[in-house]
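Below is one structure. I have some questions about it.
Bear in mind these aren't lab numbers, they're just calculated from the coordinates by the rules spelled out. None of these values were measured; they are calculated from a predicted model. We place every Cβ from the backbone using ideal geometry, glycine too, and count neighbours over all the protein chains shown.
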Amino acid sequence: MTEFRRVALATGVTLNVRLCGDAGAPAVIMLHGFPESHRTWRELEPRLSGRFRQIMPDQRGFAGSDKPAGKDAYKSDKSIDDVSALADALGLERFALVGHDWGGAIAWSAALRGDPRLSRLAIINAPHPVIFQRSLISDRKQRAASQYITAFRAPGFAKLVEWKGYEWFFDKVFGGHFDLALIPETEKQHYIAEWSQPGAFAAMLNWYRASPVKVPLPGITVPLPDWLLNPFPKVAVPTLVIWGMRDRALLPVQLEGLDRLVEQLAVVRIPDAGHFAPWEAPDAVAAALAPFLAEEGVATAQSQ
């Protein structure tokens, strides 16, 4: 059974949630990133259908979910709280978590919190917070690739997009990663309709503006933050990281050192996909995800 449901959370927001699968099947909460919605999973949903209860919310500020005002409403702890509150609202006793892009950032942090209901963690092209912040300071190429964050944080960026148009932003945000001719026009219009809602674009940008991640300008020498100099807790749940190796925003350096931060880790590299692997390479992503989410081992229990 597939349905949409408006789910009011104890965190004070109501999320638009797409639900697919039998309520008795293993639950998987799937968190999208910027600038998408539950539609991130449009190609994976049928490939995972019949085995899992797929729970695909529009995260706060996106698409059909509430868009609270002010950047403080988009601090990461708020969205992490939303994950636990969604599990509460749906009565989940056990669930796996899958995250892409910003959804992966929230998934990493949710796993570090140690919710006892969380059974498995799957990350698709989303960096671990320690590795990401370190690379933004010490890796010249990653710092250059991440300057879009600086642009998104600029006070006038939303006005710039309104002036140039959402079609311009569509071409800009996806064109550097993917052949635009391969995205159906219907999908393009879905994106534009979601971004065009009152307050939607500003809410999406607030995810970047509320983030504590430091993105130095190129060529500037800055010290590592104090929190990177102290021991960092490990992710305890079995974890699968899937990485589209053609990602131009999040470079392969994000995979270096993960084994020191995750107790049970498998990494699957997809050589012919980029940042938007969930719909660029859905067969490869589903082939890695399905056995892992079914708890048939930690992927292949080794890096590929």
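Taking the Cα atoms of the range 2-293 alone, what are Rg (to one decimal) and Dmax (as a whole number) in Å?
18.0, 54
Can I ask one more? Can you list the residues, at least 5 places off or on another chain, whose amide H is less than 5 Å from the amide H of residue 61, using H built in the peptide plane?
66, 67
In what sequence, highest mean first, do 9-20, 133-144 appear when ranked by Cβ atoms within 10 angstrom?
Details: 9-20: 19.2, 133-144: 16.8.
Ranked by mean Cβ neighbours within 10 Å, highest first: 9-20, 133-144.
Of the options 130, 106, 91, report the single residue whose Cα projects farthest towards the positive end of the charge dipole of the range 81-136 (beta-carbon charges: Lys, Arg +1; Asp, Glu -1).
With unit charges placed on the Cβ atoms, the residue in question is 130.
Which of the residue pairs 71/159; 172/234; 78/172; 78/141; 71/172 have a Cα-Cα distance greater than 26 Å in the structure shown?
Details: 71/159 16 Å; 172/234 36 Å; 78/172 29 Å; 78/141 31 Å; 71/172 24 Å.
Table pairs above 26 Å Cα-Cα are 172/234; 78/172; 78/141.
Okay, moving on. What FRET efficiency comes out for the pair residue 263/residue 163, r = Cβ-Cβ distance, R0 = 51 Å, nearest 0.05?
That gives a FRET efficiency of 0.55.
I would also like to ask the following. Calculated from DSSP H runs of 4 or more alone, at -39500 (n - 2.57) each and per residue, what is the 222 nm mean residue ellipticity of the chain, nearest 500? Present the calculation step by step, with values, prior to reporting the outcome.
Details: 12 runs with 109 residues, N = 304.
After summing the helix terms and dividing by the residues of the chain, the value is -10000 deg cm²/dmol.
Find which of 235, 154, 253 sits farthest along the positive direction of the dipole of the range 2-293, computed with +1 on the beta-carbon of Lys and Arg, -1 on that of Asp and Glu, about the Cα centre.
154
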